[in-house]
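See structure below.
All of the numbers you see were taken from the coordinates with simple rules; none came from a lab. Only a predicted model underlies this, so the values are computations on that prediction, with no experimental measurement involved. As a convention, Cβ positions derive from the backbone with ideal geometry for all residues, glycine included, and neighbour counts pool all protein chains shown.
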Amino acid sequence: MDLLRSHLHKVRIPEPGSRIHKDECCVSFDTPRSEGGLYVDMTSFLGFGREHVAWNYEKSGNPVYLHIVQRRKPEPDDEADRPLKKPTLLAIGVEGGFTDQEPEYDEAFEIVILPEFTSLPFPSIDLPEKVRIAVDKVILAESADRKQQLASWVADKKKVSAHAMDLKQLDNGVIVPPTGWKCSKCDKTENLWLNLTDGMILCGRRLWDGSGGNNHAIEHYEQTKYPLAVKLGTITADLEAADVFSYPEDDSVEDPLLAQHLSHFGIDFSSLQKTEMTTAERELDHNTNYDWNRIQESGKDAELLYGPGYTGLVNLGNSCYMASVMQVMFSTHPFISRYFEKQSLKAAFAIAPADPTLDLNMQMTKLAHGMLSGKYSVPNQEGQEGIHPRMFKTVIAAKHPEFSSMRQQDALDFFLHLIDQVDQANTGNHELNPFTGFKFFIEERLQCPSGKVSYNKRSDYILSLNIPLHEATNKEQLEAFHEKKAAMDLDGKEVSNEEIVRPRVPLEACLASFSGAEEVPEFYSTALNSKTTAIKTAGFKTFPDYLVLQMRKFVMEAGWVPKKLDVYVDVPDIIDISHMRSKGIQPGEELLPEGASGDNKAEPVHPVASEDIVSQLASMGFNYLHCQKAAISTSNTGVEEAMNWLLSHMDDPDINDPISKDSQAAEQTVDETSVQTLVSFGFQEDVARKALAASGGNIERATDWIFSHPEAFSSVPTDSSTSNMEDDDAHIPDGSGRYKLMAFVSHMGTSTHCGHYVAHVLKDGRWVIFNDSKVAASVDLPKDMGYLYFFQRI
């Protein structure tokens, strides 16, 4: 007790804003449930496992700790026999959502003084008052991890519609019957929506897979601008469960006056029975059925795997996109070497700042040792407990509002964000940066009708590939299937999953579509001093150690409806892309002049909108001036880009201002952070600004825009880019173009922002599935269903 009193000046009483790490060690995945319990530093409130607390004492000199030990309570017999409820909500840990059946634990505390690990019981009236108050506050406080988790699990809580309180309803005598509904414009009897202004009953949107309605409800809104509709079949005595959609807000909303709005059309909601799924329930149903069985290898008698390199990552709530990418990364030599073999936990902690929970190097090292040591990959009743990568997620998502949310994200977006963060943390040190081996250069060759050429170089970390469906190898079976499906549709029958025939496209065809000749319209030729059509080809200037391929499975259909291609890609175990190497400027080739001669320069750029784009947008009901601005701001790239810009700038204060003659107006609205992100990928700043302006500020779309508009590079002299590569990029690897498949990430669901991701990795000569915390030997490898493929150079 005297020893404790001598250290009272080191004991802090937590304040309301204090970050208290009492759930997990900041340098390992030890918790109060681990064998040695957890030690909370009563000065910094950082938590440490038994093996690591002495490191903190050596570094900080803080001697007083609260030792927390949790032991699992035995489960009552009736608890084990209770059946699980089917979820009805895309949420975790809330009523109707996926249950998180955590067992209960007994908790014990004591005060421990280092370096001798002298212990004092707690609670005890003999302890100094300051210690009692400080410890009580630590025990009662929400932990830093828990505060992170308190973000809403529900995808998005419905908001009250801005159109609900003063909704105009027509006195047109329409009375809606309680049953027997049919679309007013077609024969659809399901997925019907009642417009709350005029009482029209119309079918919903056509979905990407051809199901749903015929778009009559939304077409009616575009003609009339009547804003709210309710889905028939979801109206019951519980009006909160009814599915109300706002077209101008483009979201499911809450209508506090729904009872009044329904009674206007003679609807007695208290007598109606639920017959249709709500939008949220449909999304849940799609998410729990679409290709899940195949990709997750459900129903297979798989051997569960344990030990070093076979540690699962617990889903923190829609964090499978992160888990699948990190499982692949820590199966590659650069990541294993950088954060595991060549850096110990103690070394990372020694160089970490005062709060190691916010240090990327520390948390990457912690994750590496957690996944690769085997310490946390041991059998238990559920298979294996796995580790919770909460601190890593907090650090890696700190500067990204989407990744710090609980919503599902695109695994490709996360992979690119990870590259950016790791690159920043290892600036100028290419040997330490594990992504150096992933970087490569693409060289694009442009030839105009004059016969003169230009060569442009860009760096990248992924090769994004279109899937040419016309190259399918099973065309006869597809034709037979479509004929059968058409006949069954006429009979009102549905095709079962087992009967569906999907196109099979070879990976070779996807690679060929990238490197093949492509026309570039509206290319300004400095040799001809006019716009013309150029021919573009592309090839690898360097081959990386690790080649990452993204399959572009998400496309926009007519009507700008996002569609996921229902397609298999046949990917061989070994590929040879040596023929895709760019040969550079050839003898006899003449380069295009860098600029036009004399006064005959490129056409002056004035903000003139494409009438074709403007008319198409205006026909959808958008303001004509707004449509002009959207076309100009996206450099007349296309209707899809213009509409994306329009939807994200509807509330701009200057949206109704006259169009400025300043050709740079679009660039001024570009987010500087996004510009720097694209620059870090190897693009020139002026090209990055132009691409972001043309894609509504979306980084992924901007990257696609650059790839499809190589003329944007034409102002960059070839000679200077070549010399820069020799001087600044000598660290970029190059070698053979032969690769073997070592991992792939698969996605199931209707969009990259919903559904689920899993990873398959080739380890120790066999394929392994990493499905969150489940790690097992692959039985039926879904190699043809990948979204991201990772190849290692042979």
Check: Rounded to a whole number, what is D in µm²/s for region 331-378 from Stokes-Einstein with the Kirkwood radius over alpha-carbon pairs (4 °C, 1.567 mPa s)?
Finding: 119
Check: For LYS130, which lysines qualify as cross-link partners when the Cα separation must be under 17 Å and same-chain residues fewer than eight apart are set aside?
Finding: LYS10
Item checked: Listed peptides 351-362, 47-58 by packing density, highest first (mean Cβ within 10 Å) -> 47-58, 351-362
Notebook entry, point to check: So which GluC sites (Glu not before Pro) in region 461-495 pass both tests, a DSSP loop state and at most 16 other Cβ atoms within 10 Å of the Cβ?
Noted result: GLU494
Note to self: At a threshold of 8 angstrom on Cα-Cα distance, excluding pairs fewer than six apart, so keeping six or more, what relative contact order does region 441-488 reach in percent?
What the structure shows: 26
Checklist line | Hz values of 3J(HN,Hα) by residue in region 338-345 - Karplus curve (6.51, -1.76, 1.60), Gly and Pro given as x | finding: 5, 10, 10, 6, 9, 9, 7, 4
Next item on the list: Calculate the tail of P(r) for region 418-562: the fraction of all Cα-Cα distances greater than 17 Å, expressed in %.
Entry: 75
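Order the peptides 196-204, 61-69 from the highest to the lowest mean number of other Cβ atoms within 10 Å of their residues. Working shown, then result.
Working: 196-204: 21.9, 61-69: 20.1.
Order by mean packing, descending: 196-204, 61-69.
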Item checked: Hz values of 3J(HN,Hα) by residue in region 14-21 - Karplus curve (6.51, -1.76, 1.60), Gly and Pro given as x -> x, 9, x, x, 5, 8, 10, 9
Next item on the list: Can you tell me the order of 308-317, 260-269, 158-167 when each peptide is scored by its average per-residue count of other Cβ atoms within 10 angstrom, highest first?
Entry: 308-317, 260-269, 158-167
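Can you flag which of LYS393/LYS439; LYS342/LYS375; LYS231/LYS475; LYS457/LYS740 are past 28 Å Cα-Cα?
Beyond 28 Å: LYS231/LYS475.
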